[in-house]
Structures are given as structure tokens and as C-alpha cells.
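A short worksheet on the structure shown next.
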Amino acid sequence: MQENAKEGVAVREIPILYLVVPCYNEEEVIEKSAQVMGEKIRRLEKEGRIAGNSKIMFVNDGSRDNTLRLLHEIAAEDAMFSVVSLAGNYGHQSAILAGMMMARKYADVVITIDADLQQDIEALDKFLASYMAGSEVVYGVRNDRHSDGTFKKGTATLYYKLMHLLGSKVIANHADYRLMSKKALDALAEYKETNLFLRGLIPTMGFPSDVVYFDVKAREAGHSKYTLSKMMTLALDGITSMSIRPLRMIAVLGFIFFLFFGVVGVTVVVDWIQGNNVPGYTTSVLVSLLTGGVTLVSLGIIGEYVGKIYMETKHRPRYIIDTFVWKEDNAEEK
Ligand code: UDP
Ligand code: MG
């Protein structure tokens with residue numbers, strides 16, 4: 001099948017598509033989102049781009065507002081909607097994973113998309129076209145960042161630079177708006193790590209992949225659920241779960257310091273022999289401040305990895321599913 005696809009002959013069957021939508025406190029926007037996404041799925045079905053039993057799977061990530069109740073109402077009305085509700089707030093990455101792992105049992109392709117309609121839903125056509133042409137993974141990449149503040153824009157650019165410097169294969173400006181085929185999802189299911197950074201992990205799997213560009217809009221309603229601390233955690237996880245280069249940098253730094261101190265040591269001894277016993281107050285203070293600082297930062301970095309090892313050795317479940325709503329046939333016949 002793949003061989004033919006490479007020759008440009010689309011031989012894939014019309015896929016069953018599952019849209020996986022993580023939701024955390026999205027009561028302001030969720031009904032609108034369900035409506036817009038539902039219409040899009042119906043249209044794609046009519047156009048014959050996806051199979052008739054495609055669905056939208058909401059993942060409730062421990063919302064504390066009315067999101068879950070609204071989701072149940074939406075799913076009760078129309079079998080096109082399915083609800084996976086997690087037992088607590090496990091975070092965006094785990095919510096997506098939970099949805100993908102659940103959806104792969106029914107779907108041929110899964111596309112993850114945010115609940116707030118910021119990511120242009122019309123891009124689904126391009127995602128599907130690329131799948132039909134043979135891609136197993138398709139990354140949605142945002143065209144620009146004008147809907148973000150200068151802070152988010154600046155930190156994001158800096159972050160991607162740093163990630164690439166540290167050897168991560170992460171795709172710049174790709175934020176989990178992504179298509180994965182069942183084959184790719186089954187492969188992803190083999191990765192058992194607790195510290196999950198999908199954006200870094202998936203490109204390392206190595207399936208035929210493609211990039212689709214889409215426009216980013218302002219949030220339909222509600223506010224960003226990614227607090228600064230959640231963003232920093234994601235950024236740190238992204239680096240430390242994909243690369244051990246920071247640890248090596250500590251070793252390199254240690255070596256440079258060692259050489260430097262060797263030179264300083266020799267000069268000091270030579271000075272002493274020559275009787276130049278000048279009190280080098282500034283020098284000693286600077287040296288001890290510098291070494292103290294570097295030591296502490298190094299310990300912090302090592303601690304971060306030790307913490308990761310600790311969490312991994314526990315083999316805890318990455319999410320726990322509380323309730324699951326899924327109905328056999330879509331309401332198309334209604
Ligand atoms: N989200 C989640 N769990 C969390 C935080 C966010 O499932 O702990 C979901 C959220 O409901 C949304 C998506 O992740 O569908 C992206 O979050 P948001 O739009 O707040 O982030 P931003 O677009 O501002 O980066
Ligand atoms: Mg958003």
C-alpha cells in the first residue's frame with residue numbers, strides 16, 4: 001500500500017476519522033466547538049472524504065466547571081460525539097494520549113485538535129489529503145503568531161531554538177494539531193514513558209510524515225488554560241525527556257573549570273614561591289561565587305533528571321479513565 005502511495009497513487013480506503021479534543025474548563029466554548037466540529041465532520045462525510053461512522057471524541061481533563069455535564073448532553077443528543085472523562089486533571093499531553101489510545105480502537109486516523117477553535121478546522125481537508133497520499137503522521141504548523149502576545153511569541157521562538165540546539169527533533173510552531181494513522185498510534189502505544197512530550201517523541205518514530213500549514217485564530221471564548229507554570233513545565237519536560245545534553249554540558253563545564261583552576265593554581269603557587277603573597281580578595285570572592293553558582297545549577301539539572309528517573313521507575317498509569325460514552329451508529333439517519 002505504502003509503495004503505491006509513494007508513486008502518487010492513492011490506494012487507501014476512505015478512513016474512519018476520530019477528532020480527539022482535550023477539554024479543561026471549557027464551558028464557555030464547548031457547545032460552539034461541538035457545533036462547528038460536528039458540521040465539519042458531516043460535510044467531510046458528505047464529500048466522501050471520511051467514512052460515515054467517524055466521530056468526535058472529547059476528553060474531559062478533570063474540568064472543575066460545567067464542561068463534563070455539557071459534554072454528556074452533547075453526546076446524549078448525537079451519537080457522533082463520544083466522551084472520555086479522566087478521573088482528574090492530568091494535563092494536556094496526557095489528555096491527548098488518553099483520547100488517541102481510546103480512539104485507535106475504532107478509527108483509521110485520529111486528528112487531535114484544541115477545544116477552543118483556535119486551530120483552523122478547515123485544515124482537516126489538507127490533513128486528510130496528505131494521509132490519502134501516504135503520510136502516517138501529519139503535523140499542523142501555524143502560519144504566524146499574530147494572535148499571541150509578544151511574550152508568548154518571543155519565548156516560543158527562543159524555546160524552539162534551544163530545543164534544536166539540544167538535539168530535539170521537535171517541529172517549530174507545531175502544537176499538537178496533528179494527524180496520526182492507526183499504524184502510527186499503535187507504534188506510539190509501545191512507548192511506555194511517564195514523562196510524555198508528544199511533540200518531541202512522535203518525530204523520532206520515523207514514519208512518512210508531512211506538514212500542513214494553518215491559520216491561528218483568537219480563542220472563541222474563555223481564556224487560555226496554559227498558565228505560565230504549565231508552559232514552563234512543558235518546556236522543561238520537552239528538553240529533559242528528549243535529551244541528556246544538559247548533563248553532558250555540565251561535564252564539559254566541569255572540565256573547562258578544571259583547566260582554568262589548574263592555571264590559576266599554578267600562578268598562585270608560583271606567586272607564593274616568589275614571595276608575592278598579595279591578598280587577592282576580589283579574585284577569591286569571584287571564584288567562590290562562580291563555582292558555587294555553577295555547582296548549584298548543575299545539581300539542579302542533575303536533580304531534574306533524577307526526579308524523572310524516580311517518576312519513571314514507579315510505572316504509574318499516565319491517566320485514569322473515569323467514564324466513557326460511545327454509541328454505535330451516528331445520528332445521520334435521523
Ligand atoms: N487543556 C487540557 N488540560 C490542561 C490544560 C489545557 O486538556 O490541563 C486543553 C484545553 O482545554 C485546550 C487545549 O488543551 O483544548 C489547549 O489549551 P489552551 O487553549 O488553553 O492553550 P493555548 O492555546 O493558550 O496554548
Ligand atoms: Mg488555545
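The distance linking the stretch 257-316 with the stretch 217-231 is 41 Å (Cα centroid to Cα centroid, whole angstrom).
Per residue, the stretch 34-191 exposes 37 Å² of accessible surface when a 1.4 Å probe is rolled over the protein heavy atoms with every protein chain present. Fully extending the segment from Thr323 to Thr150 would add 58.3 nm, taking 0.36 nm per residue of separation and subtracting the current Cα-Cα distance.
Of all the C-alpha pairs in the stretch 1-145, what % are more than 19 Å from each other? Kindly include the intermediate steps, with their values, before the conclusion.
Details: 5396 of 10440 pairs.
Pairs farther apart than 19 Å: 52 percent.
Find the percent of Cα-Cα distances in the stretch 70-177 that exceed 21 Å, and round it to a whole number.
Here the long-distance tail beyond 21 Å is 51 percent of all Cα pairs in the stretch 70-177.
What helices in the chain pass both tests, a Cα length along the helix axis of 20 Å or more and a mean Kyte hydropathy of 0.0 or higher, using whole DSSP H runs? Correct list, ordered by number: 245-273, 281-314. Considering only the chain, what is the antiparallel percent among its DSSP beta bridges, to the nearest 5? If we restrict to bridges inside the chain, about 40 percent are antiparallel. Given their separation in residues at 0.36 nm each and the Cα-Cα distance between them, Thr233 and Glu220 gain 2.1 nm when the chain is fully extended. Ellipticity at 222 nm from helices only: DSSP H runs of n ≥ 4 in the chain, each -39500 (n - 2.57), divided by the residue count, give -15500 deg cm²/dmol. Projecting the Cα atoms of Met232, Leu165, Phe214 onto the charge dipole of the chain, computed from C-beta unit charges around the Cα centre, puts Leu165 farthest toward the positive end.
For the options Val83, Val211, Val263, a Gaussian network treatment of the chain with springs between C-alpha atoms closer than 10 Å singles out Val263 as fluctuating the most.
Size descriptor for the stretch 204-292, Kirkwood hydrodynamic radius: 19.2 Å (Cα pairs only, one decimal). For the stretch 1-139, the relative contact order works out to 36 percent when only alpha carbon pairs closer than 8 Å and six or more residues apart are counted. For the chain, the relative contact order comes to 24 percent (Cα pairs under 8 Å, sequence separation of at least 6).
Pairs of alpha carbons in the stretch 110-259 separated by more than 24 Å make up 39% of all such pairs.
Remark on the chain: Rg and Dmax equal 25.2, 100 Å (Cα only).
The values are calculated or read from the model by the stated rules, or taken from the named source; none is laboratory data. Here the structure is a predicted model, which is why all the values come from computation and not from measurement. When we count neighbours, we look across all protein chains shown, and the Cβ atoms used for this are built from the backbone with ideal geometry, even at glycine. Please note that ligands, DNA and RNA were not included when accessible areas were found on the heavy atoms of the full protein model with its side chains. Shrake-Rupley method; radii C 1.70, N 1.55, O 1.52, S 1.80 Å.
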